[in-house]
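Single-structure report; data block below.
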Amino acid sequence: MPLLPVEDALVRLLRAAKPVSETESLSLALAHGRILAAPVSARLTQPPFNASAMDGYALRHADVVSGKPLKVIGESAAGKAFSGTVSEGQAVRIFTGAPVPQGADTVLLQEDAAFNDDGTLAATFQPSLGRHIRPRGQDFAEGEIVLHKGMQLDASRLMVAAAMNHATLEVYRRPKVAIMATGDELVAPGNTPKPDQIVASNNFAIGALAREAGADVLDLGIIPDRMDALAAGIAEARAANVDMLVTLGGASVGDHDLVQKALKTAGMELDFWRLAMRPGKPLMAGKLDAVSVLGLPGNPVSSLVCALLFMQPVLRKMAHRPDASNEADVIVTRDLAENDKRRDHLRATLTLREDGALLAEPFDKQDSSMMKILAQSGCLIIRPPFAPPLKAGETAKAIILREPGTV
C-alpha cells in the first residue's frame, strides 16, 4: 500500500466521522463548554418591568421641563417597588434595578438633584424624556429564541440561559474515546523501569488532546504484546460503547506489532495505514462496527503530531464543534533544505516581531524521539512534499502550538 498524503488521509477520516446524535440534560453548573442540542427560548421577559438604570429620582419629564419643585413621596429599591403613582409635582427616590413607578417616565440622576429649604426637590440638569430607564423587554421577551442549536456554551451564554429561567439545558453528549497503549517495553509513570523498558507518556498527551477536542476519555492502560491481552482491551472498549478507539504503538507489521492483526481479528475494516509525513508515518485508520479506529505511532512525538492533525479534527466533528484551524504564516529565521517525498513538521520556537509578524526558529535536531524540544516549541513548520529550499526571511505555513510569549 503506497504512502497516503496527509491531506487525503484527513479527508477520508472526516468523511467517515459522524457527529454524535445522543443528547443529555445538564445543569447549568455542568454545561460549560458543551454544545446545545436544541434552541433555548426565554421563559420570561427581561427586564420584567421598566427599570431604573441609575440611582436617582423617578419623575415626570414634564415637571422637569417646567422647573417646578417636586415632593419626594417614597422610595423604589430592587425587590421593593413603590406601589403608588407619581403625579404632577411628585418624585420617588429610586435605585439601580428598581421598578419605575407608575406615572414616572424619566429618572433624574442623584448628582443632578438638589433640595430646597422646604425639602422639595429641584433638578439642576434637564434629562431627556425616558432617560436612564430600561424599558420592559429591552433584553429579551418571553418566547424569544436567544440561544441556538449548535452553539457552544461559554460564560455569557450560560448567564443568559440562567436569566431566561433555565436550570438545565439539552446538550449533545461528548464523544467517548478509549486509549490503549501497547508494548511490553512500557511501564506507568512512578514505577522503576527495567533496563529494557521505558516510561509510558503517550496516553497522557493523547488523552489531553482528546479532551481539548470535546471528548470524554477512557484510558485502558498498558496492554502487553499478546493477542489475548489485545483482544481483551478491544473488547473492553467495545463494551464501553466508545465512539473512537485510539491505539498507541504496535500498528506496523513487524513480528511484535500485533495491534493491526488483533483489530482485524476483532472485525476491523482497514481504511489505510502509513502516511507520507514525518514524524508519524505508521498511522492506521479503520472501522470496527460503529467505532472509529485510529492507530497512532508508538513514538511519543509522532503520536502527538498525528493526534493534532487527525484525531482532534475528527473528534471536533463528532462533538459538533467547529473546525479549529491553527495554521498561520510564519517567517523562518534560518535556511531550510529541500524536502523529500514526505510532508515534514519541523519543531520551532515562535516569537512575535514588533510589526506583528511571527518568527519561527527551527531546532537544530528534529529527531522524532525528542520530546523535550516539542515541549519547548511554539509551532510546527510545515514543509510540503518536495518543497524547494527556503531562505531565512521567507514565509512558510506552520501549525501553532502555543501563542508567542506564553511560558
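Since every read-out is calculated from the coordinates, none of them should be taken as a lab result. Here the structure is a predicted model, which is why all the values come from computation and not from measurement. Cβ atoms come from the backbone with ideal geometry, glycine included; neighbour counts cover every protein chain shown.
Candidate cross-link partners of Lys317 among the lysines, defined by an alpha-carbon separation under 16 Å and a same-chain spacing of 8 or more, comprise Lys18, Lys149, Lys176.
Subtracting the Cα-Cα distance of Thr395 and Ala235 from 0.36 nm times their residue separation leaves 52.8 nm of extension gain. Packing, as the average of other Cβ atoms within 10 Å across residues, places the peptides 211-222, 384-395 in the order 211-222, 384-395, highest first. Annotation: aspartates and glutamates with alpha-carbon distance below 15 angstrom to Lys372 (same-chain offsets under eight excluded): Asp364.
Estimated at 0.36 nm per residue, the fully extended path between Ala114 and Ala29 surpasses their Cα-Cα distance by 25.9 nm. Put simply, when 241-250, 158-167, 345-354 are sorted by average Cβ atoms within 10 angstrom per residue, most first, you get 241-250, 345-354, 158-167.
For the chain, the longest principal axis of the alpha carbon atoms and the long axis of helix 6-16 meet at an angle near 70°.
Putting +1 on Lys and Arg Cβ atoms and -1 on Asp and Glu Cβ atoms, find which of Val86, Gln126, Val65 reaches farthest to the positive end of the dipole of segment 51-134. Highest projection toward the positive end goes to Val86. In the neighborhood of Val107, defined by Cβ-to-Cβ distances under 14 Å, what is the net charge if each Lys or Arg adds +1 and each Asp or Glu adds -1? After counting each charged neighbour, the total is -2. Put a dot 7 Å past the Cα of Ala162, heading toward its Cβ, do the same for Ala324, and the two dots end up 2.4 nm apart.
Summing Lys, Arg as +1 and Asp, Glu as -1, what charge do residues with Cβ under 10 Å from the Cβ of Arg334 carry, Arg334 excluded? Neighbour charge sum, excluding Arg334 itself: -2. If the segment from Asp228 to Gln126 were pulled out straight at 0.36 nm per residue, it would be longer than the present Cα-Cα gap by 28.1 nm. The orientation-averaged projection of the convex hull spanning the C-alpha atoms of segment 198-245 amounts to 3.6 square nanometres. For the Cα atoms of the chain, what angle does the longest principal axis make with the long axis of helix 227-239, in degrees from 0 to 90, nearest 10? Once rounded, the angle reads 20 degrees. Note on segment 49-88: Cα-only Rg and Dmax are 11.0, 32 Å. Going by the alpha-carbon gyration tensor, a ≥ b ≥ c the square roots of its eigenvalues, is segment 327-400 rounded (a/c under 1.5) or, if a/c is not under 1.5, prolate (a/b greater than b/c) versus oblate? Here segment 327-400 falls in the oblate category. Quantify how much of the Cα-Cα distance distribution of segment 268-382 extends past 24 Å, in percent. Here the long-distance tail beyond 24 Å is 34 percent of all Cα pairs in segment 268-382. Across segment 327-400, the relative contact order, built from alpha-carbon pairs under 8 Å that are at least six residues apart, equals 50 percent. With the simple spin-label model, which puts each label point 7 Å out from Cα in the Cβ direction, the Leu14 to Leu352 separation comes to 2.8 nm.
In the chain, helices alone account for a calculated mean residue ellipticity at 222 nm of -5000 deg cm²/dmol, with every DSSP H run of four or more residues adding -39,500 (n - 2.57). Pairs of Cα atoms nearer than 8 Å and 6+ residues apart set the relative contact order; for the chain it is 15 percent. Expressed as a whole percent, the proportion of Cα-Cα pairs in segment 51-134 lying more than 19 Å apart is 23%. Mean projected area of the Cα convex hull of segment 188-321, taken over all directions, amounts to 8.3 nm². A simple count of charges around Pro362, restricted to other residues whose Cβ falls under 12 Å of its Cβ and scoring Lys, Arg +1 and Asp, Glu -1, yields 0. Take the Cβ-Cβ distance between Thr333 and Ile198 as r, set R0 to 35 Å, and report the resulting FRET efficiency rounded to the nearest 0.05. Result of the calculation: an efficiency of 0.60.
Taken about its Cα centre, segment 254-407 carries a charge dipole of about 320 debye when Lys and Arg each add +1 at the Cβ and Asp and Glu each add -1 at the Cβ. Helix 202-212 and the longest principal axis of the Cα set of the chain meet at an angle near 30°. Three principal axis extents of the chain based on alpha-carbon atoms, in descending order, are 101, 53, 42 Å.
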